[in-house]
Amino acid sequence: MKAKAEGWYRDPYALHEDRWFSDGTPTKLVRDDGRESYDDPPDAPRPETELVPAESAGPGDRSDLLRADAVSNEPSSAEAAQSATFNVWNMDWPI
């Protein structure tokens, strides 16, 4: 069984540089010059050309990005701010 396209591919409709495919279906998420936007695919059937995977959008390997479901021991910015505020208010101030 052939895997269905998932991710960025060159836009087979040639309307944009790249188009996001989900489970083999073109979506409205498109990319031009590294900027993402939305444009529904045309109602016409997809051209019979082979899908070409798009190149990465930007420098680096993106290893610094985190998945939404990734576990992190780092406090969130809100938790860090709350902790800092608590520490200031609970300091022993000289009188």
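The values are calculated or read from the model by the stated rules, or taken from the named source; none is laboratory data. From a predicted model like this one, the values you see are computed outputs, not experimental measurements. Every residue, glycine as well, gets a Cβ built from its backbone with ideal geometry; the counts of neighbours run over all protein chains shown.
Some points to look at:
- Any hit, region 1-10, residues being touching a strand residue (DSSP E or B) at 6+ places or on another chain (Cβ under 7 Å), outside any strand (DSSP E or B) and modelled with pLDDT of 90 or more: yes
Residue-wise test of (1) surrounded by 13 or more Cβ atoms within 10 Å (Cβ to Cβ); (2) at pLDDT below 90; (3) not acidic (Asp, Glu); (4) not in a helix (DSSP H, G or I).
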site	(1), (2), (3), (4)
16	yes, no, yes, yes
26	yes, no, yes, yes
57	yes, yes, yes, yes
67	no, yes, yes, yes
87	no, yes, yes, no
